[in-house]
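Here's the structure we're looking at; comments come further down.
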Amino acid sequence: MNTDQTRAPFFESLLAEKAFAPRSYHMPGHKFRPELLPDLTTWLGAGWAQVDVNECSPTIDYLHSPGPALREAQALAAALYGADATHFLINGATSGNQAMLLTAARDGQKVIVSRAAHRSVYAGLILSGAHPVYVPASVHPRTGLPLAVSTDAVAQALAAHRDAIAVHVTGINYYGYLPDLPALVGLAHAHGAPLLVDEAHGAHLGLHPALPRSAVQQGADLVVQSPHKTLGALTQAAWLHVNGGRIARPALVQALALLQSSSPSVLLTGSLDVVRRLAALDGRRLLGRAMALAARARDAIRAIPGLDCYGSELVDPAHGIADHDPTKLVVDVRASGWLGTQIQTRLREQSRVGVEFADPAHIIASITLADDDASVDALLTALRRAAATSPEGSAPTQPVAILLPPIPPMALTPREAFGRPTQAVPLEGAVGRICGEQVMPYPPGIPVLLPGEVVGAEHVDFLTAQLAHGVRLVGPEDPGLSTLRVCV
């Protein structure tokens, strides 16, 4: 297989088809004619129609049965990260997390799962029928945030559940902090289980010597990444890396075929090919620039009254944190008197600046390959403006609003609860009942309640406080949570 990283073989096949431009009597229905949808053409330009090709053209490889160009493109991505194989994904890291669990576990089999996981992981538990053994993330006392799962907590879970057949952890979270992956790999493998890693926010890891190594380089068996988050691929484009022989690869391929669209967009797969080439050829330089920009921004933010910006000082094995991504700017706004959600709104309304997300105490801004001095200066100017005044009569906010309540007891597995009939009851009346839907502040999407769990008063109080602070809830039928669906 060719390992020439200057090539983008699948993308090159798309360019060739666009240049050939045959008259179409097949899908898509727009027949590559932009005048059919003038509003879309005004928005995207006339080129949108010519590039929306698919496998009906004999020169375009099909995602679910790759030909030479797509096979080579995936092999080049695997070579870049040091994986044995890589699968392109067009349903995001969501489909990767679901495929990992669907491949590794079956009905009733136990899987050790970090509770600080993305919502797609819990969907994977429903699909696979696995019995989750949740490991709480360690809350850092300075931040009030669950930043990583500790090695000791996973070791205790494995010792208590010797029949567990897989371990799933978040390798790098929204806040840019990483657990001790080599130790977790060692624990899982000593137990005879594969380590499955959600590294959606870490497609850039390992591409510069000053960055943490990726989970692939540290020996994890399956690793999902979202290059659209940090490298610049189109939104929804992701990939799944495979290492070693602990995972049945034919079963993984079947799982991906079940979970992903049978009409895959070449816009997504093509973007994966070109962003891999960019990362291979110029990633080290661009990431070096991004880290330097982030370091400058971090120092400047710390000098803004009322703001702080976390960094490597939070790395602490006692709280499960082994490493830090310096391109993430996690800004603590509590001393400003504003909530993080309010600062987010002020940035947008005052300065037309959008950030990654906000919780009651923080905002997060990501610095990527696309940033330069001008974009960092604009962020700093906007932050100074947003924090220049305080709400009248305000006092520094406290971290208690973001501390997660205890993991509820599980009365039914996620799969068992998913199939049960439910009814909507007033939130306060749900205490003691079995939850019938997911409820999670989003982002970062860590669940407070999952289907099958018993609702406690502490969960109701926490969710009520989150809503009062302007935090959006994802999962419940009623996003305002005046009612909650419970199993009947």
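When the residues of segment 356-388 are narrowed to those that are under 15 Å from Thr230 (Cα atoms) and assigned to a loop (DSSP other than H, G, I, E, B), which ends up farthest from the chain's Cα centre (by Cα)? Reasoning before the result, please.
Here is the first cut: in segment 356-388, the residues under 15 Å from Thr230 (Cα atoms) are 356-357, 364-372.
From what is left, the residues that are assigned to a loop (DSSP other than H, G, I, E, B) are 356, 367-372.
Values: Glu356: 12, Ile367: 16, Thr368: 16, Leu369: 18, Ala370: 19, Asp371: 21, Asp372: 24 Å.
Among residues in segment 356-388 that are under 15 Å from Thr230 (Cα atoms) and assigned to a loop (DSSP other than H, G, I, E, B), the one farthest from the chain's Cα centre (by Cα) is Asp372.
Enumerate the pairs (first residue in segment 286-303 and closer than 9 Å to Thr327 by Cα; second residue anywhere and β-branched (Val, Ile, Thr) and in a helix (DSSP H, G or I)) with beta-carbon separation below 7 Å, excluding pairs fewer than 6 apart on the same chain, so at least 6 apart or on different chains.
As it stands, the answer is Leu293/Val376, since those pairs meet every condition given.
So Ala49 ticks every box in (1) under 24 Å from Gln74 (Cβ atoms); (2) touching a Lys or Arg at 6+ places or on another chain (Cβ under 8 Å) but one. Which box is left unticked?
(1)
(1) under 22 Å from Thr327 (Cα atoms); (2) crowded, with 24+ Cβ neighbours inside 10 Å: which one isn't true of Leu184, the others all being true?
Among (1) under 22 Å from Thr327 (Cα atoms); (2) crowded, with 24+ Cβ neighbours inside 10 Å, Leu184 violates only (1).
Which of the residues belonging to segment 303-345 are under 17 Å from Val376 (Cα atoms) and among the basic types (Lys, Arg)?
Matches in segment 303-345: Lys328 only.
Name the residue, out of Val274, Val216, Val242, that is modelled with pLDDT of 95 or more, crowded, with 24+ Cβ neighbours inside 10 Å and of a type outside the set (Asp, Glu). I'd like the intermediate steps shown before the answer.
Numbers: Val274 fails: crowded, with 24+ Cβ neighbours inside 10 Å; Val242 fails: crowded, with 24+ Cβ neighbours inside 10 Å.
So the residue among Val274, Val216, Val242 that is modelled with pLDDT of 95 or more, crowded, with 24+ Cβ neighbours inside 10 Å and of a type outside the set (Asp, Glu) is Val216.
Counting only residues that are within 16 Å of Pro317 (Cα to Cα) and touching a His at 6+ places or on another chain (Cβ under 9 Å), how many does segment 145-169 have?
Residues meeting the conditions: 5.
Could you list, in sequence order, all residues of segment 465-488 that are loosely packed, with under 14 Cβ neighbours inside 10 Å, of a type in the set (A, V, I, L, M) and in contact (Cβ under 8 Å) with a residue 24 or more places away in the chain?
Scanning segment 465-488 gives a single hit, Val488.
Is it true that Ala69 is more than 14 Å from the chain's Cα centre (by Cα), surrounded by fewer than 24 Cβ atoms within 10 Å (Cβ to Cβ) and at pLDDT 95 or above?
Numbers: more than 14 Å from the chain's Cα centre (by Cα): yes; surrounded by fewer than 24 Cβ atoms within 10 Å (Cβ to Cβ): yes; at pLDDT 95 or above: yes.
For Ala69, the condition - more than 14 Å from the chain's Cα centre (by Cα), surrounded by fewer than 24 Cβ atoms within 10 Å (Cβ to Cβ) and at pLDDT 95 or above - is met.
If you check Gly192 against the conditions, is it surrounded by fewer than 24 Cβ atoms within 10 Å (Cβ to Cβ), assigned to a loop (DSSP other than H, G, I, E, B) and touching a helix residue (DSSP H, G or I) at 6+ places or on another chain (Cβ under 7 Å)?
Numbers: surrounded by fewer than 24 Cβ atoms within 10 Å (Cβ to Cβ): yes; assigned to a loop (DSSP other than H, G, I, E, B): yes; touching a helix residue (DSSP H, G or I) at 6+ places or on another chain (Cβ under 7 Å): no.
Here the answer is no, as Gly192 does not meet what is asked.
So which residues in segment 139-156 are outside any loop (DSSP other than H, G, I, E, B) and within 19 Å of the chain's Cα centre (by Cα)? Show your work before the answer.
Quick first cut of segment 139-156, residues outside any loop (DSSP other than H, G, I, E, B) only: 139, 146-148, 151-156.
Pro146, Leu147, Ala148, listed by residue number.
A quick yes/no check of all residues on (1) in a helix (DSSP H, G or I); (2) of a type in the set (Gly, Ala, Ser):
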{"site": "Pro209", "(1), (2)": "no, no"}
{"site": "Ala220", "(1), (2)": "no, yes"}
{"site": "Ser262", "(1), (2)": "no, yes"}
{"site": "Ser271", "(1), (2)": "yes, yes"}
{"site": "Ala279", "(1), (2)": "yes, yes"}
{"site": "Leu286", "(1), (2)": "yes, no"}
{"site": "Ala295", "(1), (2)": "yes, yes"}
{"site": "Ile304", "(1), (2)": "no, no"}
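Within segment 316-337, count every residue that is touching a residue at least 60 places away in the same chain (Cβ under 8 Å) and under 21 Å from the mean Cα position of the chain (by Cα).
10
Mind checking which residues of segment 431-450 are touching a residue at least 60 places away in the same chain (Cβ under 8 Å) and in contact with a Lys or Arg (Cβ under 9 Å, 6 or more places away or on another chain)? Don't jump to the end; show me each part of the working.
Here is the first cut: in segment 431-450, the residues touching a residue at least 60 places away in the same chain (Cβ under 8 Å) are 438, 440-447, 450.
Correct list: Gln438, Met440, Pro441, Tyr442, Pro443, Gly445, Ile446, Pro447.
Please find, among Ala93, Ala79, Ala75, Ala105, the residue that is surrounded by 24 or more Cβ atoms within 10 Å (Cβ to Cβ) and either outside the structural domain of Gln217 (by TED's automatic domain parsing) or more than 17 Å from the chain's Cα centre (by Cα) (or both). Can you show your working first?
Details: Ala93 fails: either outside the structural domain of Gln217 (by TED's automatic domain parsing) or more than 17 Å from the chain's Cα centre (by Cα) (or both); Ala79 fails: surrounded by 24 or more Cβ atoms within 10 Å (Cβ to Cβ); Ala75 fails: surrounded by 24 or more Cβ atoms within 10 Å (Cβ to Cβ).
Sole residue among the options that is surrounded by 24 or more Cβ atoms within 10 Å (Cβ to Cβ) and either outside the structural domain of Gln217 (by TED's automatic domain parsing) or more than 17 Å from the chain's Cα centre (by Cα) (or both): Ala105.
If you scan segment 81-113, which residues turn out to be assigned to a helix (DSSP H, G or I) and within 23 Å of Gly219 (Cβ to Cβ)? Reasoning before the result, please.
In the first step, residues of segment 81-113 are kept if they are assigned to a helix (DSSP H, G or I); the result is 81, 92-104.
Correct list: Tyr81, Ala93, Gly96, Asn97, Gln98, Ala99, Met100, Leu101, Leu102, Thr103, Ala104.
Check segment 157-177 and report whether any residue there is in a helix (DSSP H, G or I) and of a type in the set (Val, Ile, Thr).
Just the residues of segment 157-177 that are in a helix (DSSP H, G or I), to begin with: 157-160.
Now narrow it down to the ones that are of a type in the set (Val, Ile, Thr): none.
No, there is no match, as no residue in segment 157-177 is in a helix (DSSP H, G or I) and of a type in the set (Val, Ile, Thr).
The values are calculated or read from the model by the stated rules, or taken from the named source; none is laboratory data. If you're wondering where the values come from, they're calculated on a predicted model, not measured in any experiment. FYI the Cβ positions are ideal-geometry reconstructions off the backbone, even for glycines, and counts take in every protein chain you see.
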